[in-house]
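Below is one structure, written out as structure tokens, with a few remarks after it.
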Amino acid sequence: MLSSMKKVILIRHGKSSWDNPALDDHDRPLSTRGRDASPVIASWLAGRGHCPDLVLCSSSLRTRETVDHMAPVLSQMPAPQIDQSLYHASPKAMLETLRGLDDRIGSAMIVGHNPGLGALTRKLAGGQARPRCARAFEHFPTAAAAVLVANLDSWKALAFGNADFVDFAKPRELAAAS
């Protein structure tokens, strides 16, 4: 059965470690702060009912570790599909990835990198967002989550400007509020 609503959940990887400056960017792990923030954002997603049917994850170590630290909290989250093309992907490339999804999938999560994720959020929403979400356009911090919905039967119809930016959270604010 096809869903007439498609949900896109965009997660920026947790804070990465710079302890070993000789490491290639792709191979940088999460810092302690990044490891701690990932379950916080996962808990927020679970509490808001934002559990994806599909997880697409950049091939970088820090994005894969972000998903690994989210999984115990977001227990219904499926195993990620690691996608090399999402490593520092452009908004257009991520849109094309989403447009290629099976229409039986109602919600898809991309775990990736800035500046692409922030730009994708802005472009999908046509620069419009609910007041609590608009700050993501200025700064999309590490381990933050943006949630957009589009009233579409098919992922193929997803386009810049046809999604509503409905939810946004930063782990640092969530931790401070608890």
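The values are calculated or read from the model by the stated rules, or taken from the named source; none is laboratory data. All values derive from a computational prediction rather than experimental measurement. Note that we place each Cβ from the backbone using ideal geometry, even for glycine, and neighbour counts take in every protein chain shown. Ligands, DNA and RNA are stripped out before the accessible areas are found, and what is left, the full protein with its side chains, is counted by its heavy atoms. Shrake-Rupley method; radii C 1.70, N 1.55, O 1.52, S 1.80 Å.
Points to keep in mind about this one:
- Inter-probe distance in nm under a simple model that places probes 7 Å from Cα toward Cβ, at ALA157 and ASP36: 4.5
- The range 89-164: trypsin sites (Lys or Arg not before Pro) in DSSP loop, at most 11 other beta carbons within 10 Å: ARG104
- Base-10 log of normalised Debye intensity for the range 49-178 (one unit scatterer per alpha-carbon) at q = 0.14, 0.18, 0.20 Å⁻¹: -0.60, -1.04, -1.33
- Per atom type, the range 1-123 shows carbon and sulfur on 52% of its accessible surface, probed at 1.4 Å.
- Computed extension gain for HIS139 through GLN76, at 0.36 nm per residue and net of the alpha carbon distance, reaches 19.8 nm.
- Reachable aspartates and glutamates from LYS123, criterion Cα separation under 18 angstrom, eight or more residues apart if same chain: GLU96, GLU138, ASP164, ASP167
- When only the Cβ of Lys, Arg, Asp and Glu is charged (+1, +1, -1, -1), the dipole of the chain relative to its Cα centre reaches about 480 debye.
- Carbon + sulfur, % of accessible area of the range 133-178 - ligands and nucleic acids excluded, 1.4 Å: 53
- In the chain, the DSSP-assigned H stretches of four residues or longer account for a calculated mean residue ellipticity at 222 nm of -9000 deg cm²/dmol, using -39500 (n - 2.57) per stretch and the full residue count as denominator.
- Within the range 1-40: Cβ-based charge dipole about Cα centre, in debye rounded to nearest 20 (Lys, Arg +1; Asp, Glu -1): 360
- Residue-normalised accessible area of the range 1-127, given per residue in Å² at a 1.4 Å probe: 45
- Its Cα centre serving as origin, the range 32-90 has a Cβ charge dipole (Lys and Arg +1, Asp and Glu -1) of approximately 160 debye.
- Rounded to 0.05, the FRET efficiency of the ASP25 and GLN84 pair, given R0 = 22 Å and the Cβ-Cβ distance, is 0.95.
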